[in-house]
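Engineer: Quick one: this structure, given as C-alpha cells, is what I'll be asking you about.
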Amino acid sequence: MAKIIFTIICLAVASSAHAKSSIFKCTKDNKIVFSQHSCPTEFRQHKIEYQLGITTETDSDKRIETQDPLQALLNKKTISKERLLQLLDSEVYRLRQENSYYEILRASELQKLERNRYWQKKEKTDPKYLESLDEMNQHFDQLVTANAGAIDVLIARKQLIEEEAAKAN
C-alpha cells in the first residue's frame, strides 16, 4: 500500500511539477519532503526543475515566494478571462481525476483489509475489521469531500465569470 501511495504522490508531484516546471526538495536530518512551495526555514532546500525531459536539481536555500495555484485562479489578477476559464476547467478536471484515484486506492485498501481478515480467519463482523474498514472509509470520504468542496467553489467562480462576460457583451 505504501508503494501505491508513494507512486500516486510521485505522479501528482510530477504532473503538477510539469505544469509548474519546478518543485522543492526539503531536507531536515533524514527527512525529505517534496513541495510546490518554498521550504520552511528549518529545512534545507533544493529546487528541482523540469524542462524538455531534463531534470535539474539546484541547492537553493534562498526562499522563493510562491502563490497557491488555487488562490491565483480565484484572484484572477493577471490573466485574461478566457485563460482563467481554461485554468478553472483544468483544475476541476484534475480534482475529479484525483477523486477517481482516491476510489481506486479505496478499492485497493479494501482488498488488503479483506485479505488480512481472510488469512486471520476472522468474520466480517469482527470489531477490529469493522473499525479498520470504518477508518479507511472515513479517510477517503474526507479526501473526496475536500475535493468536492474545491470543485464546487471553482464551478461557482467559473459561472460568475461567465455571467460577467455575458453582461459585458
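The values are calculated or read from the model by the stated rules, or taken from the named source; none is laboratory data. Given the structure is predicted, the values throughout are model-derived calculations rather than measurements. Here the Cβ is made from the backbone with ideal geometry for all residues, glycine too, and neighbour counts use every protein chain on show. Surface accessibility is based on the protein's heavy atoms, side chains included, excluding ligands, DNA and RNA. Shrake-Rupley method; radii C 1.70, N 1.55, O 1.52, S 1.80 Å.
Engineer: Please specify each residue of region 118-149 satisfying the condition of being open to solvent by less than 60 Å² (accessible area, probe 1.4 Å) and closer than 30 Å to Arg96 by Cα.
Structural biologist: The initial filter retains those residues of region 118-149 that are open to solvent by less than 60 Å² (accessible area, probe 1.4 Å), namely 126, 129, 132-133, 136-137, 140, 143-144, 147-149.
Answer for region 118-149, where residues must be open to solvent by less than 60 Å² (accessible area, probe 1.4 Å) and closer than 30 Å to Arg96 by Cα: Tyr129, Ser132, Leu133, Met136, Asn137, Phe140, Leu143, Val144, Asn147, Ala148, Gly149.
Engineer: On to the next question. From the list Lys20, Lys28, Lys76, Lys81, pick out the single residue that is surrounded by 13 or more Cβ atoms within 10 Å (Cβ to Cβ), modelled with pLDDT of 70 or more and either among the charged types (D, E, K, R) or closer than 30 Å to Ala168 by Cβ (or both).
Structural biologist: Lys81
Engineer: Give Leu154, Leu105, Leu143, Leu95 a once-over and let me know the one that is in contact (Cβ under 8 Å) with a residue 40 or more places away in the chain, assigned to a helix (DSSP H, G or I), under 21 Å from the mean Cα position of the chain (by Cα) and farther than 30 Å from Lys81 by Cα.
Structural biologist: Values: Leu154 fails: farther than 30 Å from Lys81 by Cα; Leu143 fails: farther than 30 Å from Lys81 by Cα; Leu95 fails: farther than 30 Å from Lys81 by Cα.
From the options Leu154, Leu105, Leu143, Leu95, the qualifying one is Leu105.
Engineer: In region 157-169, which residue that is among the aliphatic types (A, V, I, L, M) and either in contact with a strand residue (DSSP E or B) (Cβ under 9 Å, 6 or more places away or on another chain) or in contact (Cβ under 8 Å) with a residue 12 or more places away in the chain (or both) is surrounded by the fewest Cβ atoms within 10 Å (Cβ to Cβ)?
Structural biologist: Start the filter on region 157-169 by keeping residues that are among the aliphatic types (A, V, I, L, M), which leaves 160-161, 165-166, 168.
Within this subset, residues satisfying the condition of being either in contact with a strand residue (DSSP E or B) (Cβ under 9 Å, 6 or more places away or on another chain) or in contact (Cβ under 8 Å) with a residue 12 or more places away in the chain (or both) are 161, 165.
Details: Ile161: 16, Ala165: 12.
That would be Ala165.
Engineer: Let me ask something additional. Open to solvent by less than 90 Å² (accessible area, probe 1.4 Å), in contact with a His (Cβ under 9 Å, 6 or more places away or on another chain) and modelled with pLDDT of 90 or more: which single residue out of Glu98, Glu109, Glu103 fits that description?
Structural biologist: Working: Glu98 fails: in contact with a His (Cβ under 9 Å, 6 or more places away or on another chain); Glu103 fails: in contact with a His (Cβ under 9 Å, 6 or more places away or on another chain).
That would be Glu109, the only listed residue that is open to solvent by less than 90 Å² (accessible area, probe 1.4 Å), in contact with a His (Cβ under 9 Å, 6 or more places away or on another chain) and modelled with pLDDT of 90 or more.
The rows are residues; the columns are (1) touching a helix residue (DSSP H, G or I) at 6+ places or on another chain (Cβ under 8 Å); (2) at pLDDT below 90; (3) farther than 30 Å from Arg83 by Cα; (4) not β-branched (Val, Ile, Thr).
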site	(1), (2), (3), (4)
Glu114	no, no, yes, yes
Leu130	no, no, yes, yes
Leu133	yes, no, yes, yes
Ile161	yes, yes, no, no
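Engineer: Same structure, new question: Give Thr41, Thr58, Thr66 a once-over and let me know the one that is modelled with pLDDT of 70 or more and either open to solvent by less than 90 Å² (accessible area, probe 1.4 Å) or of a type in the set (A, V, I, L, M) (or both).
Structural biologist: Numbers: Thr41 fails: either open to solvent by less than 90 Å² (accessible area, probe 1.4 Å) or of a type in the set (A, V, I, L, M) (or both); Thr66 fails: modelled with pLDDT of 70 or more.
Unique residue meeting the criteria: Thr58.
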